[in-house]
Amino acid sequence: MNMRKSTVIGLALIFVFSSVLVACGSKDASSNGKTLIWGRGADTKSLDPAQVTDGESLKVTKNIYDTLVDYKEENTEVEPGLAESWETSKDQKTWTFHLKKGVKFQDGSDFNAEAVVFNFERWMDKKNPYHKGGEFPYYGYMFGGYKGDKGHVINEVKAVDENTVQFTLKEPQGPFLANIAMPPFAIASPKAIKKDPEGLGKHPVGTGPFTFEKWKKNDTITLKKNKDYWKKGFPKLDKVIFKSMPDNSARFTALQSGEIDVMDGLNPDDAKTVKQNSKLKLSEQQGMNVAYLAFNMDKDTPVKDKKVRQALNYAVDKQSIIKSVYAGLATPAINPMPDSIWGFNKNVKDYSFDLEKAKKLLKEAGYEKGFKLELYAPSDPRPYMPDGRKVAEVIQSDWKKIGVDVKIVSYDWQTYLDRTGKGQHEAALFGWSGDNGDPDNFLYVLLDKDNTRTPDAGNISFYKSDSLHKDLIKAQRSTDKNERTKLYEDAQEIIKDDAPWVPLVHATPGIAYQSYVKNGNFTHPLNNDKLVKMDIQK
Amino acid sequence: MLIPVLIGMSIITFSIVHAIPGDPAKAILGEKATPEAVAQLKESMGLGKPLFIQYVDYVKGILSGDLGTSFITKTSVAEEIGPYLAATMELSFAAMVIAVFFGMNLGILAAWRHNTGVDYTAMVIAIIGVSVPVFWLGLMEQWVFAQDLSWLPSNGRIDARMGFEPITNFYFIDALIQGDFVAFGDAFRHIILPAVALGTIPMAYIARMTRSSMLEVMRSDYIRTVRAKGVSEFLIIYKHTLRNAFIPILTVFGLQMGLLLGGAILTETIFSWPGIGRYVYEAINNRDYPVIQSGILIIAFIFVMINLIVDLLYAWIDPRIQYGKE
């Protein structure tokens with residue numbers, strides 16, 4: 001009987017109460033120093049960098065941990081990190097690193113040669129008691145497997161003295177330095193690992209500029225300034241909050257309304273708005289990635305024929321893709337890797353957009369009347385391709401003009417990987433984000449015949465060229481940069497001629513930020529999310 | 001009812017999860033993994049075993065209270081799911097308060113002023129409410145109220161700069177426990193936009209159901225009698241009619257509440273709300289079998305529980321309904 005009255009009164013009370021609260025809702029929170037909020041698309045998976053492969057996880061760990069060597073601020077060449085200097089033996093199999101003295105982990109324990117050895121042993125040895133918490137995927141991937149595996153490159157890591165570490169390799173590895181500069185190979189505190197090897201992913205302890213404070217899953221990760229950071233005077237920020245905000249448009253709204261300070265994953269269409277807004281800035285830097293169309297050369301279709309592949313290369317208007325899908329935030333791809341990587345061959349000429357030449361080549365190959373082709377396009381946005389279906393539609397309309405009838409097929413990302421890895425496609429759109437700024441990381445991984453093994457092929461063109469293989473393996477074994485450069489330049493010419501791909505574009509990572517954010521490293525191809533020097537100056 | 005529904009759900013989700021292509025081992029190791037590493041990991045995760053055995057293992061785990069461990073985060077689902085569930089429940093509850101308050105009153109208004117401009121306006125609002133896409137409404141809300149007018153925050157549960165430390169993960173309760181009224185106010189400001197976006201569809205359903213149910217009761221003899229007795233119009237509507245019209249409204253309420261708890265993915269995505277919808281959705285993208293299976297099982301469980309509560313409420317609202325005394 002009293003239900004009605006109490007309900008009505010209750011609801012009225014809630015209503016009044018809420019109006020009051022809205023009215024007096026406070027916004028004071030700026031009291032705790034310089035806090036920067038970085039809005040991004042997804043949450044971190046683990047804060048143990050050795051366990052992850054995704055950018056969203058490494059984005060955070062990069063700011064908690066340091067690596068032995070680091071990338072330079074201007075490019076992807078290597079400079080000292082936790083190691084002050086290093087030298088290599090004549091046979092290029094022994095690397096000796098001299099470590100910085102007096103560096104401490106965030107838990108107060110000492111960083112020294114023992115700590116480096118401890119981390120490497122944990123990663124490489126499956127029998128190590130601390131080889132726990134995950135699969136250490138990047139280690140196996142960059143160093144050819146784990147202890148005992150045939151392809152494992154590192155023979156031994158030993159501490160010569162307190163501040164000297166020596167690596168002995170089974171054979172020279174060209175990209176070795178570039179590899180150990182990668183964020184997954186950051187040095188964590190042995191004390192913390194010994195306490196709980198699986199817990200490192202939740203309670204990270206490194207030597208980096210920021211220490212871990214808390215993690216609200218799928219929401220925020222908060223880091224605070226490491227007051228004892230070894231680079232004196234840094235970091236400038238007191239607190240950094242990484243906030244997961246899955247919707248790109250909503251994230252941009254939050255940036256415009258001032259709720260966040262930096263965002264990545266900007267929709268290309270929003271770039272114009274950023275440029276018009278004097279309070280915001282846009283980072284424009286060619287990314288370390290490539291988006292491409294791979295022809296499956298293993299399948300019995302006309303694209304088995306080199307002339308057909310070249311013809312199709314002539315018939316893709318890259319500028320139109322950049323304009324309509326990337327809103328200008330991309331550069332046309334000529335080679336399989338961007339020119340920010342050393343070894344890029346500037347002399348290689350791209351197949352220009354020329355339908356007449358394309359038709360002529362098709363005629364020579366005996367396909368004057370055209371043919372049908374199935375093209376895979378991912379349904380999920382990828383960092384190098386915001387909208388795969390749209391890209392496919394542009395190509396579809398281009399190729400129609402030379403009589404090639406494209407059927408577009410889409411799958412969700414995991415299914416897509418599964419099917420392309422098994423070679424079920426005739427042609428597929430794909431892409432790659434580089435790991436270490438080394439040409440090997442693009443050319444060998446994506447186009448060498450070693451990587452055509454199903455069901456997880458990395459070379460989804462199933463392109464098997466022996467002359468290319470010879471170049472790439474030789475370059476892999478050498479640490480002489482001049483020699484390697486020559487080999488990679490040659491490799492790019494071979495690839496251009498054989499045309500296993502249509503290299504499409506290098507996408508610009510869309511980072512937008514408030515103009516009061518200073519000294520960000522936003523234009524770096526690999527470390528644009530490193531916040532050591534970043535500052536807020538309002 | 002509960003047990004067969006849950007068994008059915010577990011079989012269905014288990015089969016679908018294992019039938020979709022894609023490989024959890026590959027999702028863990030990333031695109032760069034070698035075929036050997038993927039095969040090895042699959043073996044060690046027990047994914048090479050026959051499906052039936054895997055299902056039996058899974059059910060054994062559930063029966064002993066083990067919901068499994070996420071492949072990706074290596075954390076047990078039981079431990080992980082709490083905050084997500086709390087976030088979703090808080091949002092669904094707020095959305096439902098809005099939906100019930102506005103929906104019922106809109107419906108009552110329409111029924112009371114049947115076949116007038118008021119009625120038509122109310123029903124047009126209801127039709128728009130049912131048909132407007134949630135993501136569009138959400139983005140528009142953000143655009144107008146956060147970006148243009150700067151009245152309300154556009155996303156999240158609370159200002160991240162505040163450093164609020166949750167206890168139960170129900171932010172309103174936590175803020176009250178800690179006596180932190182600034183946090184309470186801030187959490188309140190944060191929930192308004194998503195709750196309105198999420199509450200629009202149930203509001204429209206409730207409005208329509210209230211109207212038709214009220215109209216039916218208003219035509220009955222005893223309302224005429226009450227009116228003849230000279231009872232005020234307010235009491236006729238809110239006391240005599242509404243109570244008798246309440247059962248169908250409650251049914252809609254129960255179904256909608258269940259839908260909100262499981263199906264708020266779009267709202268959660270647009271408003272960066274760390275709820276269970278996104279948790280399960282991301283697990284599907286990563287082929288994180290234990291999270292998908294247990295997540296859906298828990299959502300199903302809550303759905304069934306809400307409907308059970310609604311059934312019990314019937315008897316409370318209408319004493320003529322009695323269970324087990326037929």
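The values are calculated or read from the model by the stated rules, or taken from the named source; none is laboratory data. Because the structure is a prediction, the values reported are computed rather than measured. Cβ coordinates were reconstructed from backbone atoms using ideal geometry, including for glycine residues, and neighbour counts include every protein chain displayed.
For the stretch A:60-102, what are the residues that are among the aliphatic types (A, V, I, L, M) and at pLDDT below 95?
Across the stretch A:60-102, the qualifying residue is only A:Val78.
Would you confirm whether any residue within the stretch B:64-84 is among the charged types (D, E, K, R), more than 14 Å from every other protein chain (Cβ to nearest Cβ) and not in a helix (DSSP H, G or I)?
Yes: one or more hits.
Restricting attention to the stretch A:476-488, and to residues there that are touching a Lys or Arg at 6+ places or on another chain (Cβ under 9 Å) and either modelled with pLDDT of 95 or more or acidic (Asp, Glu) (or both), which single residue is surrounded by the most Cβ atoms within 10 Å (Cβ to Cβ)?
A:Leu487
Keeping to the stretch B:18-58, report how many residues are within 12 Å of another protein chain (Cβ to nearest Cβ) and surrounded by 12 or more Cβ atoms within 10 Å (Cβ to Cβ).
The total comes to 24.
Among the numbered criteria (1) within 14 Å of chain B (Cβ to nearest Cβ); (2) closer than 30 Å to A:Arg477 by Cα; (3) of a type in the set (Val, Ile, Thr), which single criterion is violated by A:Ile341?
It is condition (1) that A:Ile341 fails.
For a quick check of your reading of the model, give me the residue pairs whose first member lies in the stretch A:35-55 and is farther than 23 Å from A:Asp261 by Cα and facing chain B (nearest Cβ under 8 Å), whose second is of a type in the set (Lys, Arg) and assigned to a strand (DSSP E or B), with beta-carbon atoms closer than 9 Å and at least 6 apart or on different chains.
Pairs that qualify, where the first residue is farther than 23 Å from A:Asp261 by Cα and facing chain B (nearest Cβ under 8 Å) and the partner is of a type in the set (Lys, Arg) and assigned to a strand (DSSP E or B): there are none.
If I filter the stretch B:192-215 for residues that are facing chain A (nearest Cβ under 10 Å) and either of a type outside the set (A, V, I, L, M) or at negative phi (or both), do I get at least one hit? Before the answer, list the steps.
Pass one, the stretch B:192-215, residues facing chain A (nearest Cβ under 10 Å): B:192.
Next, only the ones that are either of a type outside the set (A, V, I, L, M) or at negative phi (or both) stay: B:192.
Yes: the stretch B:192-215 contains one or more residues that are facing chain A (nearest Cβ under 10 Å) and either of a type outside the set (A, V, I, L, M) or at negative phi (or both).
I'm checking my understanding of the structure. Among residues of the stretch A:273-327 that are small (Gly, Ala, Ser) and part of a helix (DSSP H, G or I), which one is farthest from the chain's Cα centre (by Cα)?
Restricting to residues being small (Gly, Ala, Ser) and part of a helix (DSSP H, G or I), the top hit is A:Ala311.
So, B:Ile192, is that one touching a residue at least 12 places away in the same chain (Cβ under 8 Å), buried (at least 22 other Cβ atoms within 10 Å of the Cβ) and in a helix (DSSP H, G or I) or not?
It is false that B:Ile192 is touching a residue at least 12 places away in the same chain (Cβ under 8 Å), buried (at least 22 other Cβ atoms within 10 Å of the Cβ) and in a helix (DSSP H, G or I).
Take the residues in the stretch A:199-214 that are surrounded by fewer than 20 Cβ atoms within 10 Å (Cβ to Cβ) and more than 20 Å from A:Lys533 (Cα to Cα); name whichever of them is farthest from the other protein chains (Cβ to nearest Cβ).
Within the stretch A:199-214, the match that is farthest from the other protein chains (Cβ to nearest Cβ) is A:His203.
Among the residues of the stretch A:125-138, which ones are more than 14 Å from chain B (Cβ to nearest Cβ) and either of a type in the set (Lys, Arg) or in contact with a strand residue (DSSP E or B) (Cβ under 7 Å, 6 or more places away or on another chain) (or both)? Spell out the reasoning first.
So the first thing to find is which residues in the stretch A:125-138 are more than 14 Å from chain B (Cβ to nearest Cβ), and the list is A:125, A:127-130.
Within the stretch A:125-138, A:Lys127 is the sole residue that qualifies.
So is B:Ser294 at the interface with chain A (Cβ under 10 Å from one of its Cβ atoms), modelled with pLDDT of 85 or more and either crowded, with 20+ Cβ neighbours inside 10 Å or within 25 Å of B:Phe101 (Cβ to Cβ) (or both) or not?
When the stated conditions are applied, B:Ser294 does not pass them.
Given the conditions (1) within 30 Å of B:Ser213 (Cα to Cα); (2) at pLDDT below 85, which single one is not true for B:Lys26?
With respect to (1) within 30 Å of B:Ser213 (Cα to Cα); (2) at pLDDT below 85, B:Lys26 is out only on (1).
Please find, within the stretch B:228-244, the residue that is farthest from the other protein chains (Cβ to nearest Cβ) out of those that are in a helix (DSSP H, G or I) and exposed (fewer than 14 other Cβ atoms within 10 Å of the Cβ).
Result: B:Ala228.
Out of all the residues in the stretch B:137-150, is one or more buried (at least 20 other Cβ atoms within 10 Å of the Cβ), in contact with a Leu (Cβ under 9 Å, 6 or more places away or on another chain) and farther than 23 Å from A:Asp219 by Cβ?
No: zero hits.
Do you know which residues across the stretch A:458-515 are within 21 Å of A:Tyr384 (Cβ to Cβ) and β-branched (Val, Ile, Thr)?
Scanning the stretch A:458-515 gives A:Ile460, A:Ile495, A:Val502, A:Val505, A:Thr508, A:Ile511.
I'd like to verify a number: residues in the stretch A:493-519 that are within 24 Å of A:Gly55 (Cβ to Cβ) and crowded, with 22+ Cβ neighbours inside 10 Å, how many?
Count: 12.
Checking the conditions here, which among A:Pro268, A:Pro246, A:Pro235 is within 7 Å of another protein chain (Cβ to nearest Cβ) and either farther than 23 Å from A:Phe210 by Cα or in contact (Cβ under 8 Å) with a residue 40 or more places away in the chain (or both)?
Just a single option satisfies the conditions, and that option is A:Pro246.
Of all residues in the stretch B:94-118, which are away from chain A (no Cβ under 11 Å), touching a residue at least 12 places away in the same chain (Cβ under 8 Å) and in a helix (DSSP H, G or I)?
Residues satisfying the conditions are B:Ala95, B:Met96, B:Ala99, B:Gly103, B:Leu106, B:Gly107, B:Ile108, B:Leu109, B:Ala110, B:Ala111, B:Trp112.
Count, please, the residues in the stretch B:171-188 that happen to be over 30 Å from A:Val274 (Cβ atoms) and surrounded by 19 or more Cβ atoms within 10 Å (Cβ to Cβ). Outline the logic, then answer.
To start, the set of residues in the stretch B:171-188 that are over 30 Å from A:Val274 (Cβ atoms) comprises B:171-185, B:187-188.
Filter once more, keeping what is surrounded by 19 or more Cβ atoms within 10 Å (Cβ to Cβ): B:171, B:174-175, B:183-185, B:187-188.
Number satisfying all stated conditions: 8.
So A:Val153 clears everything in (1) crowded, with 22+ Cβ neighbours inside 10 Å; (2) among the β-branched types (Val, Ile, Thr); (3) within 26 Å of A:Gly434 (Cβ to Cβ) except one condition, right? Which one?
Unmet for A:Val153, out of (1) crowded, with 22+ Cβ neighbours inside 10 Å; (2) among the β-branched types (Val, Ile, Thr); (3) within 26 Å of A:Gly434 (Cβ to Cβ): (1).
Within the stretch A:66-83, is there a residue that is assigned to a strand (DSSP E or B), within 27 Å of the chain's Cα centre (by Cα) and surrounded by fewer than 18 Cβ atoms within 10 Å (Cβ to Cβ)?
For the stretch A:66-83, residues assigned to a strand (DSSP E or B), within 27 Å of the chain's Cα centre (by Cα) and surrounded by fewer than 18 Cβ atoms within 10 Å (Cβ to Cβ): present.
Being modelled with pLDDT of 85 or more and surrounded by fewer than 20 Cβ atoms within 10 Å (Cβ to Cβ) is true for just one of B:Phe271, B:Phe301, B:Phe253. Which residue is that? Let's see the steps before the verdict.
Working: B:Phe271 fails: surrounded by fewer than 20 Cβ atoms within 10 Å (Cβ to Cβ); B:Phe253 fails: surrounded by fewer than 20 Cβ atoms within 10 Å (Cβ to Cβ).
Selected residue: B:Phe301, the only one of B:Phe271, B:Phe301, B:Phe253 that is modelled with pLDDT of 85 or more and surrounded by fewer than 20 Cβ atoms within 10 Å (Cβ to Cβ).
So which of B:Ile173, B:Ile127, B:Ile158, B:Ile167 is without any contact (Cβ under 8 Å) to a residue 60 or more places away in the chain and more than 14 Å from chain A (Cβ to nearest Cβ)?
From the options B:Ile173, B:Ile127, B:Ile158, B:Ile167, the qualifying one is B:Ile173.
Could you please tell me which pairs satisfy a Cβ distance under 6 Å, a separation of 6+ or placement on different chains, a first residue in the stretch B:265-278 that is more than 9 Å from chain A (Cβ to nearest Cβ), and a second residue that is crowded, with 24+ Cβ neighbours inside 10 Å and not basic (Lys, Arg)?
Note: pairs meeting the criteria are B:Ile265/B:Gly277; B:Thr267/B:Pro194; B:Thr267/B:Ala197; B:Thr267/B:Leu198; B:Ile276/B:Tyr84; B:Ile276/B:Thr88; B:Gly277/B:Ala264; B:Gly277/B:Glu268.
Here are some conditions: (1) away from every other protein chain (no Cβ under 14 Å); (2) charged (D, E, K, R); (3) under 29 Å from A:Lys538 (Cα atoms). A:Asp219 meets all but one. Which one does it not meet?
(1)
Condition first: at the interface with chain A (Cβ under 8 Å from one of its Cβ atoms) and either under 23 Å from the mean Cα position of the chain (by Cα) or at negative phi (or both). Now tell me which residues in the stretch B:136-150 satisfy that.
Within the stretch B:136-150, B:Gly138, B:Leu139, B:Gln142, B:Trp143, B:Ala146, B:Gln147 qualify.
Against the definition (closer than 30 Å to A:Glu426 by Cα and not assigned by TED's automatic domain parsing to the domain that holds A:Phe442), how does A:Pro268 come out, yes or no?
Yes: the conditions hold for A:Pro268.
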